[in-house]
Amino acid sequence: MSPEWQTDGHREDPAWRSAIIRNEAEYQEASARLAEERKRLADHRARLKEAGLGDEEIKRVIDPMESFHLQLQEEVESYECLKRGEFEELENFRGFGHLLISLRIAQGMSQRELARRLNVHESQVSRDERNEYFGITLERAVRVLEALHARLHTKVEIGRPTAMEFA
């Protein structure tokens, strides 16, 4: 078995990987796009109503657009939480790569600055973040945490299996 520490096996599953805004420029772009989408949705809804479509028909047409809008809104809100230093809890290290990216964002640190602190090329940090640090070694994870001046505390719970787990 490889010495690499893998957070879990969902790396290529797009449903598992959440989108994340990684810097202020992406945040500004997403915020502007969100405002445009909000206006576009309202205009489109009004045009459909003027065309005589009923509420159910309008809902069928608008739902896919609203789904995209809600996803974008969630990404913007998530970035705003990170900027306030609010992080989600990890369970069994799932989401650890996302946490490392979040820590950098919360500190307002650029990928370039993190690369400088790690003594690696900026493209390495960019690649690591794009892959959400999939396959990172424990040693490397510790180096990244130290470069971010962050400490990770763990709590181990051993529970008894439930009857459902035996089924």
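The values are calculated or read from the model by the stated rules, or taken from the named source; none is laboratory data. Fair warning: this is a prediction, and the values are worked out from it, not measured in the lab. Every residue, glycine as well, gets a Cβ built from its backbone with ideal geometry; the counts of neighbours run over all protein chains shown.
A few comments on the model shown:
- Checked against (1) outside any helix (DSSP H, G or I); (2) farther than 29 Å from GLU157 by Cβ; (3) within 15 Å of the chain's Cα centre (by Cα), GLY52 passes all but a single condition, namely (3).
- Considering region 110-167, the residues that are more than 24 Å from LYS83 (Cβ to Cβ), among the aliphatic types (A, V, I, L, M) and in a helix (DSSP H, G or I) include one that is modelled with the highest pLDDT, namely VAL142.
- Cβ-Cβ under 8 Å pairs, at least 6 apart or on other chains, region 67-96 side of a type in the set (Gly, Ala, Ser), far side assigned to a helix (DSSP H, G or I): GLY85/ALA106
- Taken over region 38-65, the criterion of being touching a residue at least 24 places away in the same chain (Cβ under 8 Å) and surrounded by 15 or more Cβ atoms within 10 Å (Cβ to Cβ) is satisfied by LEU41 alone.
- Hits in region 58-109 - residues which are part of a helix (DSSP H, G or I), of a type in the set (A, V, I, L, M, F, W, C) and more than 17 Å from TYR27 (Cβ to Cβ): ILE58, VAL61, ILE62, MET65, PHE68, LEU70, PHE96, LEU99, LEU100
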